[in-house]
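We did not get these values from a lab; they are worked out from the coordinates using the rules stated. What you see is a predicted model, and the numbers here were worked out from it, not measured in a lab. Because the Cβ atoms are built from the backbone with ideal geometry, glycine has one as well, and the counts that use them run over all protein chains shown.
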Amino acid sequence: MKALFCIFSGTGNTKRVGERFAEELRALGHEAEVYLIRKDAPEPDYGAYDLLIVGYPVHAFNAPSAVVRFLKKLPAAEGKSAYLLRTSGEPSKLNHAAGITPRRMLKRRGYNVRGEFVYVMPYNIIFRHSDGMAARMWQTVETRIPKDAQTVVEGAGECMRVGPFRRAAAFVVRVEHPAMPVIGKTFHASKKKCIGCGACVGLCPRGNIRMVNGRPKFGMHCVGCMACAFGCPEDAVRISVFNLWRVNGQYTFNGEPAKDEEICRYCRKMYRKYFHANEEDRKEKQ
Ligand SMILES: Cc1cc2nc3c(=O)[nH]c(=O)nc-3n(C[C@H](O)[C@H](O)[C@H](O)COP(=O)(O)O)c2cc1C
Ligand code: SF4
Ligand code: SF4
């Protein structure tokens, strides 16, 4: 099997999970390559692969607009197998709605969507998880991926069912897609903090930032991925109406995983359930 992972990732979580998944497929004797969905990336040779895995973070209970754009241009491939791989900041079932549009688009292009894999990774907006939470999330990813890779090898898997309430909620917040270019245009760099290093220009997967007189200037193509705000070494990017939700700086995934009592209070029950379900899997395997 030759698998192509096409991954959109603003702040590295989905890329990290996709790369780990690809590594697992290789360990099982298959070929796997990771392609990052970016405006400046050359098109991969889709015909050279017999399996497509599309990875992306959940944005407001939906797939990011960059992924929708990518899928619109994807060449047809009659009968080829595909999977979806998602990361999200919380293990809410509302996030399952983020598979609806990509599934439909892949199907229209002739793909046979065999299943979806969802992993919780730390938030890149709203609030910062502790590094302990990030480490526990990663531990769960490490537990799940061997099983999920085996599912892919067997051609098995399942798609998430989404009821009418969750569909409606996701539909309403999809306003993020048309709103983000307008909101993103009002992003700016703090005059006090910005050192004019230009790192944000390279981080933006949409080519939406250019340097003007030593300061970043934001265009009209923002998809709200938060790569600029998260990755700025000086935490200088101000994200307009979302500024109080700004998260800056890489997480550490290899520290001590948070214990049950250290799980963040926000949605504690949900996280516990998610961690415990996967830890049961690990115990069963041992
Ligand atoms: C604009 C935006 C909207 C988001 N909406 C959700 C959401 O609806 N549900 C959720 O659980 N996480 C949400 N998140 C969090 C991301 O899905 C999560 O942190 C993801 O792992 C980031 O992946 P990345 O590093 O590959 O970009 C959102 C993040 C952004 C930037
Ligand atoms: S990465 Fe930060 S410090 Fe560097 S140019 Fe961009 S906003 Fe300024
Ligand atoms: S401007 Fe920032 S948030 Fe918008 S697409 Fe570029 S990196 Fe992502």
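Enumerate the residues in segment 178-214 having an amide nitrogen under 11 Å from the point lying 7 Å beyond the Cα of Glu234 toward its Cβ. Once the point is set 7 Å along Cα→Cβ of Glu234, 189-199, 214 turn out to lie under 11 Å by backbone N, inside segment 178-214.
For the chain, averaging the sequence separation of C-alpha pairs within contact (under 8 Å, six or more residues apart) and dividing by the residue count gives a relative contact order of 20 percent. Here the contact order of segment 159-286, divided by its residue count and restricted to Cα pairs under 8 Å and six or more residues apart, works out to 21 percent. Scan the chain and note any complete DSSP helix (H) whose C-alpha atoms cover at least 20 Å along its axis and whose Kyte-Doolittle average is -1.0 or more. Those that clear 20 Å and a mean of -1.0 are 131-153.
Within straight-line reach of Lys192, meaning a Cα separation under 18 Å, sit the following aspartates and glutamates at least 8 residues removed in sequence or on another chain: Glu234, Asp235. For the residue pairs Lys2/Lys147; Lys15/Lys273; Lys15/Lys80; Lys93/Lys147; Lys185/Lys269, the alpha carbons lie more than 28 Å apart in Lys185/Lys269.
Each peptide in 134-144, 198-208 was scored by the mean count of other Cβ atoms within 10 Å over its residues; highest first, the order is 134-144, 198-208.
For Thr252 and Lys185, the FRET efficiency from 1/(1 + (r/R0)^6), where r spans their Cβ atoms and R0 equals 35 Å, is about 0.60.
For the pair segment 227-278 and segment 177-195, the centres of their Cα atoms are 21 angstrom apart. For segment 1-142, the share of DSSP beta bridges that are antiparallel, to the nearest 5, is 5%. Averaging Cα coordinates gives a centre for segment 138-158 and one for segment 107-131; these two points are 14 Å apart.
Sorting the segments 255-262, 212-219, 108-115, 41-48 by their residues' average number of neighbouring beta-carbon atoms within 10 angstrom, most packed first, yields 108-115, 212-219, 255-262, 41-48.
Listed by chain and number, the lysines whose C-alpha is less than 24 Å from the C-alpha of Lys191, apart from same-chain residues fewer than 8 away, are Lys217.
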